[in-house]
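Below is one structure, written out as structure tokens; comments come after it.
The values are calculated or read from the model by the stated rules, or taken from the named source; none is laboratory data. This one's a predicted model, so the numbers in the text were calculated from it and none came from an experiment. Every residue, glycine among them, receives a Cβ derived from its backbone with ideal geometry; neighbour counts consider all protein chains shown. Heads up: the accessible areas ignore ligands, DNA and RNA and are worked out on the full protein's heavy atoms, side chains in. Shrake-Rupley method; radii C 1.70, N 1.55, O 1.52, S 1.80 Å.
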2 protein chains.
Amino acid sequence: MDTETLTRFTNRLADAASESIMPFFRASPVVDNKVAGDFDPVTAADRDAEAAIRRIINQTYPDHGIVGEEYGSERADADYVWVLDPIDGTRAFITGLPVWGTLIGLMHQNRPVFGMMAQAFTGERYAGDGQAAWYTGPGGDRALACRACPTLDEAALFTTSPTMFSENEGRAFRRVEEAVRLSRYGCDCYAYCMVGSGQADLVVEAGLQSYDIAALIPIIEGAGGQVTSWDGGTAANGGRIAASGDPRLHEQLLDKLKID
Amino acid sequence: MDTETLTRFTNRLADAASESIMPFFRASPVVDNKVAGDFDPVTAADRDAEAAIRRIINQTYPDHGIVGEEYGSERADADYVWVLDPIDGTRAFITGLPVWGTLIGLMHQNRPVFGMMAQAFTGERYAGDGQAAWYTGPGGDRALACRACPTLDEAALFTTSPTMFSENEGRAFRRVEEAVRLSRYGCDCYAYCMVGSGQADLVVEAGLQSYDIAALIPIIEGAGGQVTSWDGGTAANGGRIAASGDPRLHEQLLDKLKID
């Protein structure tokens with residue numbers, strides 16, 4: 001599976017997802033609650049898009065596995081496994097903000113080898129294969145590169161929400177937040193792409209699923225950054241995630257994130 | 001000054017702003033600190049855009065006044081006064097997020113009569129004259145209308161940051177946040193446009209300047225919503241601002257926002 005083939009194929013998946021999703025964006029989509037009593041919006045767009053992506057994968061690569069947010073796992077023990085989140089950032093989606101994205105990742109023997117984030121409203125696509133990363137969309141196609149930022153006090157930090165953390169995670173997060181120059185909330189996958197394109201320096205999150213992060217790892221790493229769990233292990237399985245655009249930041253970041 | 005003339009003229013101003021701004025967006029713009037020791041990013045884009053807008057206004061309507069974020073006031077006692085914020089949401093801008101906007105408002109005898117929010121990266125424009133409001137851009141042009149949301153427990157709330165409030169303002173804000181279904185941070189002017197287009201229900205902010213809000217009032221009101229200060233007075237001068245898409249929400253909102 002060379003990068004050119006993967007890029008062409010993943011663009012096809014992203015096109016199908018976009019077609020399913022866009023009729024629902026800013027169109028008062030039906031909002032279900034996945035877990036009663038806990039607000040977790042899922043739209044018809046989410047389900048339609050994942051079904052469309054699965055259909056194409058199953059037609060083209062019937063021996064590949066698929067893990068997705070909406071429809072679970074099939075052939076999860078295959079050599080190649082696609083990891084899908086059709087709408088990452090459902091809260092952004094249902095409030096009309098163009099900072100959600102379709103995440104399409106490919107794992108080879110449990111290691112993320114290719115990933116794309118597609119923003120259907122703006123037409124932005126961020127992709128990477130761990131060695132390189134690139135952007136196509138408004139403003140012109142270009143290679144992605146994280147920016148230099150050697151110390152935390154110069155860093156811009158993203159997190160989805162300061163309320164996503166447990167008590168001791170929250171203490172760790174606040175240690176980071178107090179050390180940085182600027183922090184912003186509410187961007188999900190888009191935040192990682194801003195680190196990958198040199199617009200921000202750090203993302204700190206917790207409670208992620210594999211499909212929330214797998215596609216983003218080859219983008220961040222391809223742009224020169226690092227992404228691990230808070231304790232320095234693999235990020236591919238989700239959980240507590242820390243991403244740094246400048247690798248010199250990463251150790252300083254993990255040091256602040258030691259759970260007490 | 002009829003709405004058609006104003007729309008055409010304001011689009012010209014927004015085009016000029018966009019031309020000044022876009023070369024700097026996602027291009028590592030120079031970031032100055034306005035107030036030493038206090039992080040307040042201002043970019044070259046901001047200054048160039050406001051200068052470009054002022055030039056066109058002064059050529060076309062030399063008797064109109066102008067109040068802007070970057071270059072202060074001229075003829076502020078004129079009958080018609082333009083109120084400008086070339087990049088509202090500088091933090092979004094410097095972190096690469098397309099949720100900042102160019103705000104162009106027109107006051108007549110101190111009352112906002114026309115306003116536009118232009119997002120130069122996505123090409124979205126939201127405008128209103130207090131009687132009607134409309135959108136042009138990706139997804140197709142359409143009239144803007146706030147959505148029905150009769151009670152706080154169904155409402156989606158926006159604020160720029162939970163850290164923008166003083167201590168007693170923060171207590172008031174948290175009373176609102178605890179009462180609503182969903183809250184989101186970090187959208188500045190974009191949040192008001194999402195209320196105006198029926199994607200969210202409330203915005204609560206404090207410490208605003210006139211140029212942060214004047215352009216947004218005719219959009220929210222034109223779409224059927226209400227926007228006032230926390231104590232129910234005019235929003236046009238900035239300060240503590242509360243906006244509701246459904247007017248039935250507004251009294252409930254102001255009740256929670258009574259400063260103790």
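List of remarks:
- Expected-Rg normalisation [2.2 N^0.38 Å, Cα atoms] applied to region B:179-246: 0.98
- The calculated 222 nm mean residue ellipticity attributable to helices in chain B amounts to -9500 deg cm²/dmol, summing -39500 (n - 2.57) over DSSP H runs of n ≥ 4 and dividing by all residues.
- The angle between the Cα long axis of helix B:3-21 and the main principal axis of chain B comes to about 80°, on a 0 to 90 degree scale.
- Here the dipole of the protein assembly as shown is about 260 debye; that uses its Cα centre as origin and unit charges on the Cβ of Lys and Arg (positive) and Asp and Glu (negative).
- Placing a label point 7 Å from the Cα of residue A:27 along the Cα-to-Cβ line, the residues of region B:172-211 whose backbone N sits under 16 Å from it are B:199.
- Inter-chain Cβ neighbour count for A:238-248, averaged per residue, equals 0 (cutoff 10 Å, partner chain atoms only).
- Summary for residue A:148: label point 7 Å along Cα→Cβ; distances to the equivalent points in the other copies, ascending, 5.9 nm.
- Taken about its Cα centre, chain A carries a charge dipole of roughly 400 debye when the Cβ of each Lys and Arg holds +1 and the Cβ of each Asp and Glu holds -1.
- Within 10 Å of each Cβ in A:116-124, the average number of Cβ atoms from other chains: 2
- Percent of C-alpha pairs per 20 Å bin, the protein assembly as shown, short to long: 24, 56, 20, 1
- Kirkwood-based Rg to Rh ratio, region A:18-167, C-alpha trace: 0.99
- Selected from B:133, B:235, B:52 as most flexible by GNM, with chain B as the system and alpha-carbon contacts under 10 Å: B:52
- In the protein assembly as shown, a dipole from Cβ-located charges (positive for Lys and Arg, negative for Asp and Glu) runs towards its positive end, and of B:211, B:21, A:81 it is B:21 whose Cα lies farthest in that direction.
- Cα convex hull, chain B: 119 Å³ per residue, rounded to a whole number.
- Against chain A, whose longest principal axis is taken from its Cα atoms, helix A:44-60 shows a tilt of about 70°.
- Förster-model FRET efficiency, 22 Å R0, residue A:251 and residue A:168, C-beta, rounded to 0.05: 0.60
- Taking the charge dipole of region A:135-260 about its Cα centre, with +1 at Lys and Arg Cβ atoms and -1 at Asp and Glu Cβ atoms, the residue from A:170, A:252, A:224 reaching farthest to the positive side is A:224.
- One chain, two ends: residue A:108 and residue A:260. Fully extended at 0.36 nm per residue, the span grows by 51.3 nm beyond their Cα-Cα distance.
- Close amide H pairs (under 5 Å, H built 1.01 Å from N) link residue A:209 with A:239, residues at least 5 positions away or on another chain.
- When Rg and Dmax are taken over the Cα atoms of region A:116-260, they come to 14.0, 45 Å.
- Spin-label pair residue A:209-residue A:143: with each label point 7 Å from Cα along the Cα-Cβ axis, the two points sit 3.6 nm from one another.
- Ranking B:1, B:164 from most to least accessible surface, computed with a 1.4 Å probe over the protein chains only, gives B:1, B:164.
- Using a 7 Å projection from Cα along Cα-to-Cβ, the label point at residue A:174 is separated from the same position in the remaining copies by 1.1 nm, smallest value first.
- Each of residue A:44 and residue B:12 was given a label point 7 Å from its Cα along the Cα-to-Cβ line. The distance between the two points is 4.5 nm.
- Dipole magnitude for region B:146-260: about 100 debye, using +1 per Lys or Arg Cβ and -1 per Asp or Glu Cβ, origin at the Cα centre.
- Per residue accessible area in Å² of region B:139-225, where ligands, DNA and RNA are left out and the probe is 1.4 Å: 32 Å²
- Neighbouring Cβ atoms from other chains, within 10 Å of the Cβ of residues in A:89-101, number 5 on average.
- Each residue of region A:140-145 was assigned a 3J(HN,Hα) from its phi angle through the Karplus expression (A = 6.51, B = -1.76, C = 1.60, θ = phi - 60°), giving x, 5, 6, 6, 9, 9 Hz with x at Gly and Pro.
- Distance between the pseudo-spin-label points of residue B:58 and residue A:175 (7 Å out from Cα toward the beta carbon): 5.4 nm.
- Working note: Karplus 6.51/-1.76/1.60 with θ = phi - 60° gives region A:150-156 the couplings x, 10, 4, 6, 9, 8, 9 Hz, where Gly and Pro are set to x.
- GNM remark for chain B: springs join alpha carbons under 10 Å apart, and the peak mean-square fluctuation among B:191, B:156, B:44 falls on B:44.
- Seen against the Cα atoms of chain A and their longest principal axis, helix A:247-256 is set at about 70 degrees.
- Among A:80, A:61, A:71, residue whose mean-square fluctuation peaks in a GNM of chain A (springs only between Cα atoms under 10 Å): A:61
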